[in-house]
């Protein structure tokens, strides 16, 4: 009887844990606003570790933080991608992407928007060089942690700060 009660208690705990994990995964699902257009499929997923660089600028009688650029290293099974101003992404094999500024960026606030930078979908243009990024048309940034500008306003113009962040980047291309 005692063993049975312990098994029931353990089973109940596992069900509760599984349910809460399901909720956490549901919270992490990608919003439809960040879905790439029909015909694009994920060809590469990478985990980023880096900083969002902010510059202090004049704002009336005071100062504010303005996003300057990202600076991150994205790791994936095939190697490393460097992410920097533009925004741009450059793989170790020489293939490179840059944001297509003619298409607006789709943005959705992160679940913890006060601490985590938004999730994005960006239209990109691939450099003609062959490689891992050669056919990519869209980049999605999801599962962000950190990276939000400091809460404390700057005291002078021109100061640069790097705020640590992590994210998952998904690269989408049309199949051949």
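Give me log10 I(q)/I(0) at q = 0.10, 0.15, 0.21 Å⁻¹ for the stretch 39-173, Debye formula, one equal scatterer per alpha-carbon, no solvent. These q points yield log10 I(q)/I(0) values of -0.34, -0.73, -1.24. Tell me the relative contact order for the stretch 31-163 as a rounded percent, counting alpha carbon contacts under 8 Å between residues six or more apart. Once normalised by length, the contact order is 27 percent. Extension gain, residue 47 to residue 82, is 11.5 nm, computed as 0.36 nm per intervening residue step minus the present C-alpha separation. Given R₀ = 22 Å, what would the calculated FRET efficiency be for residue 103 paired with residue 67, taking r from the Cβ atoms and rounding to 0.05? According to the calculation, E is roughly 0.75.
Here the simple spin-label model places points 7 Å from the Cα toward Cβ, and for residue 115 and residue 58 these points are separated by 3.6 nm.
Quick note: the coordinates plus some simple rules give every number you see, no bench work behind them. What you are looking at is a predicted structure, and each value in this text was computed from that prediction instead of being measured. When we count neighbours, we look across all protein chains shown, and the Cβ atoms used for this are built from the backbone with ideal geometry, even at glycine.
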